[in-house]
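In what follows, a structure is listed as structure tokens, so that the remarks can point back to it.
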Amino acid sequence: MVVCIRCGHQNPEGGHFCESCNAVMPKISETISAAPPGRINVHYNQLKEAVEKLQSGASSQDQYLETLNFIYNTIYERLTEVENMDISDEIKPDFEEQYQLGISGIHFFLQGIEELKLYLEDSNPAHLASGMESAYQGNENLNQALEMAREGLRRLKELGVDSEFDIMN
């Protein structure tokens with residue numbers, strides 16, 4: 001039996017489309033389990049570590065701000081790259097949801113960093129909690145957009161289309 005990755009329906013071997021939802025069937029059987037794809041957590045983990053070090057006194061306010069600025073600039077560069085991508089009108093509708101999710105994720109992340117910087121002005125721990133929550137939401141949105149990209153690549157491969165996409169690492 002082959003399990004549909006969209007709806008979970010068990011289909012007989014050899015079918016190309018799910019009997020239940022008509023999705024393209026994967027080329028693996030239920031007895032084979034693949035490792036879950038990786039998530040993007042590097043910058044979120046860096047923010048978390050910077051906050052923890054500041055709170056414990058293991059880093060100075062200057063080091064904290066330097067880390068926040070580095071991450072902010074890195075994420076902002078990605079935003080500029082994404083906003084300047086040239087996507088043909090022909091395929092744009094297929095990527096609109098993924099694109100918007102990614103853009104919103106980047107904006108949440110940047111807002112989180114701005115909120116984390118406010119802590120330096122008044123030492124109010126609410127800024128740290130709120131900033132990390134915003135960064136977390138941004139990170140989740142980015143991971144959802146990444147999963148959508150991976151799913152699109154899987155579908156292209158299943159349909160036999162060669163692609164040279166390079167997913168964010």
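The values are calculated or read from the model by the stated rules, or taken from the named source; none is laboratory data. Since we're looking at a predicted model, the values are computed, not measured. Because the Cβ atoms are built from the backbone with ideal geometry, glycine has one as well, and the counts that use them run over all protein chains shown.
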- request: Select from the stretch 46-66 the residues that are more than 17 Å from Asn139 (Cα to Cα) and part of a helix (DSSP H, G or I) and list them in ascending order.
  value: Glu52, Lys53, Leu54, Gln55, Ser56, Gln61, Asp62, Gln63, Tyr64, Leu65, Glu66
Criterion: loosely packed, with under 13 Cβ neighbours inside 10 Å, over 21 Å from the mean Cα position of the chain (by Cα) and touching a residue at least 24 places away in the same chain (Cβ under 8 Å) - qualifying residue of Leu159, Leu120: Leu159
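Hey, any hits in the stretch 64-80 for a residue that's polar (S, T, N, Q), touching a helix residue (DSSP H, G or I) at 6+ places or on another chain (Cβ under 8 Å) and either under 19 Å from Asn41 (Cα atoms) or exposed (fewer than 11 other Cβ atoms within 10 Å of the Cβ) (or both)?
yes
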field: Residue list for the stretch 81-108, filter: part of a loop (DSSP other than H, G, I, E, B) and surrounded by 11 or more Cβ atoms within 10 Å (Cβ to Cβ)
entry: Ile87
- prompt: Does Glu115 fit the bill of being at negative phi, modelled with pLDDT of 95 or more and either part of a helix (DSSP H, G or I) or touching a Lys or Arg at 6+ places or on another chain (Cβ under 9 Å) (or both)?
  reply: yes
The stretch 84-103, residues that are under 16 Å from the mean Cα position of the chain (by Cα) and charged (D, E, K, R): Glu96, Glu97
